[in-house]
Structures are given as structure tokens and as C-alpha cells.
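Worksheet: one structure, shown below.
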Amino acid sequence: MSVILSVHGLRFAYPRGPEALRGVDLEIRAGEVFAVIGPNGAGKTTLFRVLTMFYRPSAGEVEYRFRTASDGSELGLRRRMAMVFQDPVLLNASVWENVAYGLFLREPLPGRLRVRLGHLARRLRLAVPPSKLEARVERALEEVGLSGFAGKHARALSRGEAQRVALARALAVEPELLLLDEPTANLDPPNVLLIEEVIRRANRRGATVLLASHNIGQVRRLADRAALLVEGRIVESGPVEELFRAPGSGSIREFVGEELLT
């Protein structure tokens, strides 16, 4: 498989804080599910924010299909990705508008149609041709099991439903690279199983998936390869079953625990 995303010597430090990433090297192959595991504070969320170009690295380089943001292509590269955060970030609007908003932002519309966020509920349907939008929003909601939720207010949903709306918004833009930061944290088993199946289907359709998870069972069910991030450094990586069956160092054994390595 070809490499879709590569990281070389990546470093990142918050203002007046210690380094969160300390020389990360990583390659993500097109079409795979790659998991990043590690303890709280290891730098997983920071890594994802740098990879999606929310943060600029202090040093090192991120290449997406052998192109870097430094050549002026940042916006074009970001439009090929979508990220779902651990805590769903939803607009104060309907479910339909939340899912449609990602498409709205990515449409090459004239400046006069780039409405302010506060006018979203009033203008969104006029700004984007229904023929290009309705079907993708409906398909994304159906994909996450929320077909009848389009008219509901997003902030009245349960946590599991809200996370599925956030996932639907990401799926609607049909990203090449889907980044999921602890997408099932604190969810009940039915929501966990549903979201895992959505991830599988997205991957089978061609999306490359980068997953951060504390759930080792989930990593073993979904991922092809994984890497352990500790204190901002990748300390071990490889095919998932090989990594957990015969870890090359004590780091995996210490993080996972003996009972989950069998």
C-alpha cells in the first residue's frame, strides 16, 4: 500500500509548556486502520491536531501524499481530511444543519454566500444547492443510525447520539483520511458497537482511518497496525496482533497489562 501520511521528526510545544511531541516519526498507509494508543497525557490528541494542521509543529514535517502545508496547499490538504473529537463539538442548530455544515464549508462558493456562523440556520439551504447536499446528509445520518433525527436539536441529544452526529458530519464530506480521537470514550456498549461498524464500513469504502483509543479490545477489532505513544514519543509500533502477541519491549506490556496480551 502507498503511504498517505508521513511524519518526520515531529516536535510540538505549547507556549510556556513542555514539549508534547518529541521527535515523532510515523507512516500511515492508504486504506489501513492505524491506531495510536498510550496513557493519558501521552500526546495523542496533540498529534492528531498537528496532523490535521490545527497546530503548526515546532519542528519536523508532516507530508500528506508527499505534499506539505508549507508549499501553500494547507487548505486543500485539510479538505481531504476529517476529524472527530472525543467530546462531540456541535453547533447550536438542528442535526441536519450540523451534518451539512462541513459540506457547506468545503463547497467552492462565491464570497457573498459565505455566511457567518450565526446565520447558518437561516441561510444554509440557500447557500448550497439541495441536489449536492440533501442526499449526502441523509446518507450520512442513515449510516450512523440517525435517519429520523434530521429535525431534532443537536444539543438535546444523548452523548452517544451527539457523537454519532459528529461522525456523520465527518462522513458526509467523504474524507480520504478520517481521524478519530477516542470516538467511543464513555459511551454505552450499543453505541460503541454501532460506531465500530460505521468505522469498518468507511474503511471498506476506501477511507484511511487513524484512531486514538484506550480500548485495547477495540484496537484489536479494528486496526491493522498500531503505535504506542509515551511522553510524546513513539516507543513501539507494528501489526496489531504481532504487537500484542509478542511486544518488542516492556512498554506495551506495561501499558496493556499481561491479561490482554494473550
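The values are calculated or read from the model by the stated rules, or taken from the named source; none is laboratory data. Keep in mind that this is a model prediction, so the values were computed, not measured. We place every Cβ from the backbone using ideal geometry, glycine too, and count neighbours over all the protein chains shown.
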Point to revise | Count of region 206-227 residues which are small (Gly, Ala, Ser) and assigned to a strand (DSSP E or B) | key: 3
Exercise for review: Please specify each residue of region 200-219 satisfying the condition of being farther than 14 Å from Phe48 by Cβ and among the β-branched types (Val, Ile, Thr).
Suggested key: Ile216, Val219
**Study point:** region 164-181 residues that are at positive phi, paired with ones that are surrounded by fewer than 24 Cβ atoms within 10 Å (Cβ to Cβ) and in a helix (DSSP H, G or I) (beta carbon under 6 Å, 6 or more apart)
**Key:** none
Exercise for review: Determine the pairs where a residue that is without any contact (Cβ under 8 Å) to a residue 40 or more places away in the chain, located within region 76-93, has a partner that is hydroxyl-bearing (Ser, Thr, Tyr) and buried (at least 17 other Cβ atoms within 10 Å of the Cβ) with Cβ atoms under 7 Å apart, the partner being 6 or more residues away or on another chain.
Suggested key: Leu77/Tyr64; Arg78/Thr52
Check your understanding: What are the pairs, 6+ residues apart or on separate chains, where a residue within region 20-36 that is assigned by TED's automatic domain parsing to the domain that holds Arg221 has its Cβ under 6 Å from a residue that is of a type in the set (Gly, Ala, Ser) and in a strand (DSSP E or B)?
Key -> Gly23/Gly9; Glu27/Ser6; Ala35/Ala226; Val36/Ala212; Val36/Ala227
Practice item. Specify the residue that is modelled with the lowest pLDDT; the eligible residues are those in region 87-112 that are surrounded by fewer than 19 Cβ atoms within 10 Å (Cβ to Cβ) and under 15 Å from the mean Cα position of the chain (by Cα). Key: Val89
